[in-house]
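Here the structure comes first, spelled out in structure tokens, and everything after it is commentary.
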Amino acid sequence: MQSLDQFAQGKLDDLQRRHLRRTLAETMREDGIWVERNRCRLLSFSCNDYLNLTQHPAIKQAAHSAIEKYGAGSGASRLITGNHPLYAELEARLARIKQTEAACVFGSGYLANAGIIPVLIERVGLVLVDELSHACIFAGAQLSRGKVLTFRHNDLEHLRKLLAENRAAHENVLIVTDGVFSMDGDLAPLADLNTLANEYDAWLMSDDAHGLGVVGGGRGSSFAGNTRIPVPLQMGTLSKAVGAYGGYLCASALVIDLIRNRARTLIYSTGLPPACVAASIAALDLIEREPGYAALPVQKAKAFTRRAKLPEAVSPIVPVIIGTEEATLAASQMLADEGYLAAAIRPPTVAPGTARLRLTFTAQHPDDAIEQLADIVRERILN
Ligand SMILES: Cc1ncc(COP(=O)(O)O)c(C=O)c1O
């Protein structure tokens, strides 16, 4: 038998050979956009802090006050003693923004997906997942013990075919998709997906991790295009545009009651530190109050794609697809040498052959820096 260390060494050597070995780089974020890494100051185009709210004075103050009042940690699961009073306010705020009856806050977005899907889909159920959905949706689907099928990215006809072939054999069917795709930045066709779900008596769930705060006037992807798409299960995270930490589900009061009773990642995991909940409330206040500010990240991404001659951005995420892992790492290093942080994204996060730079635009990125970055990308990477 191999020793544990031999096993680890073999796996790491294999990753190294395939240019897929990852390391944790120490990164000091000094404000919303600048970071220090390897003693270099870099302008970051790799943070999901789309509204730069991690550094907003009012939001930091809300977190400080919550620590003073309630302490550093929550001390237990929400179902025991970890449900401090701030939770009710945050959940009411989320439900209001998403226009649902109720909401439930989890420890993170990953925990939310890993907890919600197994409550809704049991052994006799079916989960249909867009192939480019986030890893934690697949984790939740696998934990459900139902049948899991993937449909081609945003391909309604493929989804219809899978529904036609499989619907009758399953008691309940859940269709799950990112609202804004995390590595590609495009939007799911939620209106059409919802129609299809209703046609086949299936439930639709969207993961709006990258939509809340930045698309649909800040309300997220089910409000994109100035309409409200009545997606019955709207999941998301508080760790991106909201600038704090935690996950959530917005749904009907009955569904939320069931989730609180059955979601194992809620029941058997400690509640969020009060500071995270307080910061999220303050951030949602700002997002609701200032839709003009919430629109900035997408505007900046559009300015970039126009100048770089890439397909027009529809979210703050712009993929610059390069292909091989080696070339992507080299492009990321070249940009670092020019003073920009643009992380290389490689398989298995994205499909083999589609390694890329994933650029994210935030409200406070200066326009001239965006222009310079676009010129470098157009002339030295895409050329
Ligand atoms: C689409 C999507 N869903 C869920 C998550 C997980 O959220 P969290 O970081 O809060 O665990 C992420 C974050 O990486 C994401 O991009």
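The values are calculated or read from the model by the stated rules, or taken from the named source; none is laboratory data. These numbers come from a predicted model, not from an experiment. Cβ atoms come from the backbone with ideal geometry, glycine included; neighbour counts cover every protein chain shown. These area figures cover heavy atoms from the full protein model, side chains too; ligands, DNA and RNA do not enter into them. Shrake-Rupley method; radii C 1.70, N 1.55, O 1.52, S 1.80 Å.
Mind counting the residues in region 8-21 that are open to solvent by 100 Å² or more (accessible area, probe 1.4 Å) and either in a helix (DSSP H, G or I) or without any contact (Cβ under 8 Å) to a residue 12 or more places away in the chain (or both)? Walk me through it before giving the result.
Here is the first cut: in region 8-21, the ones open to solvent by 100 Å² or more (accessible area, probe 1.4 Å) are 11, 16-18.
Filter once more, keeping what is either in a helix (DSSP H, G or I) or without any contact (Cβ under 8 Å) to a residue 12 or more places away in the chain (or both): 11, 16-17.
Here the count works out to 3.
So which of Gly140, Gly115, Gly125, Gly82 ends up being within 19 Å of the chain's Cα centre (by Cα) and in contact (Cβ under 8 Å) with a residue 40 or more places away in the chain? Break it down into steps so the answer makes sense when it comes.
Details: Gly140 fails: in contact (Cβ under 8 Å) with a residue 40 or more places away in the chain; Gly125 fails: within 19 Å of the chain's Cα centre (by Cα); Gly82 fails: within 19 Å of the chain's Cα centre (by Cα).
On inspection, the qualifying residue turns out to be Gly115.
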Exercise. For the subset of region 222-255 comprising residues that are open to solvent by less than 10 Å² (accessible area, probe 1.4 Å) and of a type in the set (Gly, Ala, Ser), which member is nearest to the chain's Cα centre (by Cα)?
Worked result: Gly236
Seminar exercise, completed: Of the conditions (1) touching a Phe, Trp or Tyr at 6+ places or on another chain (Cβ under 6 Å); (2) not in a loop (DSSP other than H, G, I, E, B), the single one that Glu371 does not satisfy is (1)
Exercise. Can you spot a residue in region 122-130 that is modelled with pLDDT of 95 or more, farther than 16 Å from Ala251 by Cα, part of a loop (DSSP other than H, G, I, E, B) and in contact with a Gly (Cβ under 6 Å, 6 or more places away or on another chain)?
Worked result: yes
For this session: Answer yes if at least one residue in region 7-30 is touching a Gly at 6+ places or on another chain (Cβ under 6 Å), modelled with pLDDT of 95 or more and within 27 Å of Ile137 (Cα to Cα), and no otherwise.
Result: no
Problem set entry | Single residue of region 337-355 satisfying the filter (farther than 17 Å from Arg22 by Cβ and touching a helix residue (DSSP H, G or I) at 6+ places or on another chain (Cβ under 8 Å)) that is most open to solvent (accessible area, probe 1.4 Å) | Glu338
Problem set entry | Tally, over region 187-198, of residues that are of a type outside the set (A, V, I, L, M, F, W, C), part of a loop (DSSP other than H, G, I, E, B) and surrounded by 18 or more Cβ atoms within 10 Å (Cβ to Cβ) | 0
Exercise. Can you find even one residue in region 199-210 that is outside any helix (DSSP H, G or I), among the hydroxyl-bearing types (Ser, Thr, Tyr) and away from the ligand (no atom under 12 Å from the Cβ)?
Worked result: yes
Seminar exercise, completed: Restricting region 211-241 to residues that are touching a Pro at 6+ places or on another chain (Cβ under 9 Å) and part of a helix (DSSP H, G or I), the one farthest from the ligand (Cβ to nearest atom) turns out to be Gly217
Problem set entry | Which numbered condition Gly292 misses (of (1) in contact (Cβ under 8 Å) with a residue 12 or more places away in the chain; (2) of a type outside the set (Lys, Arg); (3) within 21 Å of Phe223 (Cα to Cα)) | (1)
Seminar exercise, completed: Checked region 84-111 for anything open to solvent by less than 10 Å² (accessible area, probe 1.4 Å) and more than 26 Å from Thr227 (Cα to Cα); matches are Tyr87, Phe106
Problem set entry | Matching residues, region 121-145, being away from the ligand (no atom under 16 Å from the Cβ) and open to solvent by less than 20 Å² (accessible area, probe 1.4 Å) | Ile121, Gly125, Leu126, Leu128, Ser144
Problem set entry | Counted residues, region 28-74 - those being within 16 Å of the ligand (Cβ to nearest atom) and of a type in the set (Val, Ile, Thr) | 1
Problem set entry | Subset tally (residues that are in a helix (DSSP H, G or I) and in contact with a Phe, Trp or Tyr (Cβ under 6 Å, 6 or more places away or on another chain)) for region 351-368 | 0
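Check Asp31, Asp130 and return the single one that is under 21 Å from Ala241 (Cα atoms) and in contact (Cβ under 8 Å) with a residue 24 or more places away in the chain. Give the derivation first.
Values: Asp130 fails: under 21 Å from Ala241 (Cα atoms).
So the residue among Asp31, Asp130 that is under 21 Å from Ala241 (Cα atoms) and in contact (Cβ under 8 Å) with a residue 24 or more places away in the chain is Asp31.
Mind listing whichever residues of region 290-309 are within 12 Å of Leu51 (Cβ to Cβ), of a type in the set (D, E, K, R) and outside any loop (DSSP other than H, G, I, E, B)?
The initial filter retains those residues of region 290-309 that are within 12 Å of Leu51 (Cβ to Cβ), namely 290-298, 300.
If we keep only those that are of a type in the set (D, E, K, R) as well, we get 290, 300.
Selection gives Lys300 alone.
For region 311-325, name all the residues that are surrounded by fewer than 14 Cβ atoms within 10 Å (Cβ to Cβ) and in a loop (DSSP other than H, G, I, E, B). Don't jump to the end; show me each part of the working.
Just the residues of region 311-325 that are surrounded by fewer than 14 Cβ atoms within 10 Å (Cβ to Cβ), to begin with: 311-312, 323.
Result: Pro311, Glu312.
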